[in-house]
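Step one of this worksheet: look at the structure below.
The values are calculated or read from the model by the stated rules, or taken from the named source; none is laboratory data. The model shown is predicted, which means the values in this text are computed figures rather than measured ones. Every residue, glycine as well, gets a Cβ built from its backbone with ideal geometry; the counts of neighbours run over all protein chains shown. These accessible areas exclude ligands, DNA and RNA; they are computed on the full protein's heavy atoms, side chains included. Shrake-Rupley method; radii C 1.70, N 1.55, O 1.52, S 1.80 Å.
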Amino acid sequence: MTTAPAEGHALPPLLRDLFPARSVPGPAGEVLLHVQHVLDTEVAPTAAQRDRTGGYPHQAIAALKRTGILALAVPREWGGMGIAQELSLEIMLRIAMADPAVAQIYKVHDDLLREIFVYAPAAFCGPLARRVVDGHAILGMAVAENGRTADSFLQTLARPGPEGTHFISGRKIYATGASGADLVAVSSFDPVRAQQTGSIRDGVRMDIIPHDTAGLVFHHDWNRMGQRATDSGTVTLEDVQVDDRWNALSPDAPLPQHVSLRFQAGFSAILTGIGIGALRAVCAFVPQRARPWGTAGVDSADQDPYVRRLLGEIGADLFGAYCSVMQAGRMLDGYEQGHVTRNAVAMAASAARSVATRAALRAAGDAPAAAGARGTDAVNGLDRYWRDARTLSLHDPVDWKNAEIGRHLLTGWAPEPGLYQ
């Protein structure tokens, strides 16, 4: 096992020396060591059961809350730790190895904080930071709507209420993490304001709504083949009254241009974590429980050269995916520091998504072949890795990522900022 540098706190290897230990200095390192312990002792051992039953993972999230993880993405000037995005991706990946549904819930929280603290006014940021840092509040998201295309929005409407309030009504889908969140980020559109100012942008809102607000209904209807414990189902809003002070989106606020790229990098981290988790599970199973094939002429399955070749190829693919994800994180950090262009980040994020998708599906689908027929016993839960990877990989088509890279290589084209590029 590789020994981490003496300085900092050593996070354990993800999988022997192919994914060695990592040193994280300072208070963030202490938090991450605590997080890793919770993942190993509380989250991972119960992941298969959560996959079977579905529903929001209340106990797993509660255990992670106690580690202080929710404050990692809050900027330092607001009392958080303000960790780099590359390190956030490492955390998402490690959570995904334990339970990818929990990782996706944490990803939403991390992404929302990094976005909101860029454009929200100071009067908004202070109270939100206190809720997260001191109150350990986790954010969920209710943004997507069931329009004709995946990027159709503005169907959830906000209308003016008594002074300083609005009423929001509408229906949201794919509301990851919302059903168990303390605070739910809800997008809506105020047509009255948009008409008054002549700007659609001025009518767009992003309200942070407490979970128990009257009229906010969680339907718990998520029934997909994978990512079952995200509870990413339907949320309806029936005249939900919101205080305008909790609208994070000021009409004149400059919007960050790389939000979609951060979202993509997070998906890539989770996919890679799923793949490494599947490979690690199989590598633990084969030496102890798999039977060697007779023709191989070996005493144990781990001595079979074809088993070694298969798992080695999968490991190499995942190593490439891991490096791509970490590079995308470094590019995101570099963009925020003004060191790289947005298009350079877009290419890195798209490349990571492409590589991670292939590597995760290969690992989750093919690594169990090394375990043999015994590995298909339901008690092993090896099927959940493929179901989680396949479900998450369909969030938006990876073919478009490949096509965007190819278009850039052929023509120099740079994608305009959008919801998915």
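General observations
- Taking residues in the stretch 208-230 that are in contact (Cβ under 8 Å) with a residue 12 or more places away in the chain and outside any loop (DSSP other than H, G, I, E, B), and partners anywhere that are open to solvent by 50 Å² or more (accessible area, probe 1.4 Å) and among the hydrophobic types (A, V, I, L, M, F, W, C), the pairs with Cβ atoms closer than 7 Å and at least 6 places apart or on different chains are Ile208/Trp246.
- Considering only residues in the stretch 112-152 that are part of a loop (DSSP other than H, G, I, E, B) and of a type in the set (D, E, K, R), the one that is nearest to Ser188 (Cα to Cα) turns out to be Glu145.
- Residue within the stretch 390-413 that is modelled with pLDDT under 95, part of a helix (DSSP H, G or I) and closer than 30 Å to Ala301 by Cα present: no
- Looking across the stretch 314-340, the residues that are assigned to a helix (DSSP H, G or I) and more than 20 Å from Leu93 (Cβ to Cβ) come down to Tyr335, Glu336.
- Every test in (1) part of a helix (DSSP H, G or I); (2) farther than 23 Å from Tyr322 by Cβ; (3) in contact (Cβ under 8 Å) with a residue 12 or more places away in the chain is passed by Val74 save one, and that test is (1).
- The listed residue being closer than 25 Å to Leu382 by Cβ and in contact with a helix residue (DSSP H, G or I) (Cβ under 8 Å, 6 or more places away or on another chain), out of Val345, Val325: Val325
- Among the candidates Leu311, Leu318, residue that is touching a Leu at 6+ places or on another chain (Cβ under 7 Å) and under 28 Å from Ala73 (Cβ atoms): Leu318
- Here Thr165 meets the list (1) under 25 Å from the mean Cα position of the chain (by Cα); (2) open to solvent by 10 Å² or more (accessible area, probe 1.4 Å); (3) not hydrophobic (A, V, I, L, M, F, W, C) almost entirely, failing just condition (1).
- Filtering the stretch 176-203 to residues that are within 24 Å of the chain's Cα centre (by Cα) and either part of a helix (DSSP H, G or I) or closer than 19 Å to Asn146 by Cβ (or both) leaves Thr176, Gly177, Ala178, Ser179, Gly180, Val184, Ala185, Val186, Ser187, Ser188.
- Taken across the stretch 28-47, residues that are modelled with pLDDT of 95 or more, of a type outside the set (Asp, Glu), farther than 16 Å from Lys65 by Cα and in contact with a Pro (Cβ under 9 Å, 6 or more places away or on another chain) do occur, with at least one present.
- Restricting the stretch 243-288 to residues that are of a type in the set (Phe, Trp, Tyr) and within 12 Å of the chain's Cα centre (by Cα), the residue that is most open to solvent (accessible area, probe 1.4 Å): Phe263
- From the options Ala360, Ala369, residue that is of a type outside the set (Lys, Arg), open to solvent by 40 Å² or more (accessible area, probe 1.4 Å) and in contact (Cβ under 8 Å) with a residue 24 or more places away in the chain: Ala369
- Only one of the listed residues (Asp17, Asp51, Asp40) is among the acidic types (Asp, Glu) and under 27 Å from Phe218 (Cα atoms). That residue is Asp51.
- Matching residues, the stretch 221-242, being more than 20 Å from the chain's Cα centre (by Cα) and not hydrophobic (A, V, I, L, M, F, W, C): Asp221, Thr236, Glu238, Asp239, Gln241
- Checked against the criterion of being buried (at least 17 other Cβ atoms within 10 Å of the Cβ), within 25 Å of Gln59 (Cβ to Cβ), in contact (Cβ under 8 Å) with a residue 40 or more places away in the chain and β-branched (Val, Ile, Thr), the candidates Val143, Val133 yield just one match: Val133.
- Residue match in the stretch 256-268 (condition: within 30 Å of Phe167 (Cβ to Cβ), touching a helix residue (DSSP H, G or I) at 6+ places or on another chain (Cβ under 8 Å), touching a residue at least 40 places away in the same chain (Cβ under 8 Å) and assigned to a strand (DSSP E or B)): no
- Within the set Arg22, Arg66, Arg76, the sole residue that is open to solvent by 30 Å² or more (accessible area, probe 1.4 Å) and in contact with a strand residue (DSSP E or B) (Cβ under 6 Å, 6 or more places away or on another chain) turns out to be Arg22.
- Contact map, the stretch 345-357: first residue without any contact (Cβ under 8 Å) to a residue 60 or more places away in the chain and at positive phi, second residue surrounded by fewer than 24 Cβ atoms within 10 Å (Cβ to Cβ) and hydrophobic (A, V, I, L, M, F, W, C), Cβ cut-off under 8 Å, separation 6 or more or different chains; the map is empty.
- Residue within the stretch 341-360 that is part of a helix (DSSP H, G or I) and farther than 21 Å from Asp399 by Cβ present: yes
- The listed residues are Ala60, Ala48, Ala73, Ala84, and the only one of them that is touching an Asp or Glu at 6+ places or on another chain (Cβ under 7 Å), within 30 Å of Val379 (Cβ to Cβ) and of a type outside the set (Val, Ile, Thr) turns out to be Ala60.
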